[in-house]
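The values are calculated or read from the model by the stated rules, or taken from the named source; none is laboratory data. All values derive from a computational prediction rather than experimental measurement. Cβ placement follows ideal geometry from the backbone for every residue including glycine, while neighbour counts extend to all protein chains displayed. Protein only, heavy atoms only, side chains kept; ligands, DNA and RNA dropped before computing areas. Shrake-Rupley method; radii C 1.70, N 1.55, O 1.52, S 1.80 Å.
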Amino acid sequence: MAEAHRGTCFCGAVAIEVTGVPLEMGYCHCSSCRAYSGGPVNAFTLWKPDDVKITKGAELLGRFNKTEFSDRRFCTKCGGHVMVHHPGLGLTDVYAAVIPTLAFKPAVHLNYAETVLPMKDGLPKLRDFPGITGLDTDLKLNKPQLRVEIDRDKASAVGVSMSTIGSTLE
């Protein structure tokens, strides 16, 4: 049986369960995630939507869509952030802090071109959100840069994850 992790919103009125392992974990540096989270960076865990279940308080889930890319879900009682559906990607981001029993093992930085908090942790830093348009070793103009384009569908079809590709390139 797949491993399950449970968590709640800030007040506990909305409960969530994720099953299995996330497809990816990392940090998002985009201005939308920063503004919504109130922090300089957002820790994400990406899941297949079928692996994410609301087990309590579904009627209390509110939603906010700044763009069609992100369907943000929050508790209407406490305002606590719970998850973000990314319909175009077929993925659900459950905020890492919402599932405290999951060991957070980030593998990548997304939208690093927008960072306000440079992080030197050895992880791949993607200029924007994978489609994938770039993997930068350093975004400073006076240093060499590496740009790699990856076909996610082909990589997935042969069982290669983004974290494996990033570790290999690093």
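Data table
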| read-out | value |
| --- | --- |
| Pair list, Cβ < 6 Å and 6+ apart or interchain, from region 8-27 residues that are assigned to a loop (DSSP other than H, G, I, E, B) to residues that are surrounded by fewer than 20 Cβ atoms within 10 Å (Cβ to Cβ) and among the small types (G, A, S) | C9/G80; F10/G80; A13/G57; V14/G57; G20/A2 |
| Residue list for region 71-104, restricted to those being in a loop (DSSP other than H, G, I, E, B), over 13 Å from P22 (Cβ atoms), open to solvent by less than 60 Å² (accessible area, probe 1.4 Å) and in contact with a strand residue (DSSP E or B) (Cβ under 8 Å, 6 or more places away or on another chain) | G80 |
| A35 surrounded by fewer than 17 Cβ atoms within 10 Å (Cβ to Cβ) and within 15 Å of L117 (Cα to Cα) | yes |
| Residue that is nearest to I16 (Cα to Cα) [pool: residues in region 105-129 that are open to solvent by 40 Å² or more (accessible area, probe 1.4 Å) and not in a loop (DSSP other than H, G, I, E, B)] | E114 |
| Residue count, region 1-30 (criterion: of a type outside the set (A, V, I, L, M, F, W, C) and open to solvent by 60 Å² or more (accessible area, probe 1.4 Å)) | 3 |
| Single match in P49, P100, P87 (criterion: at pLDDT below 95 and not polar (S, T, N, Q)) | P87 |
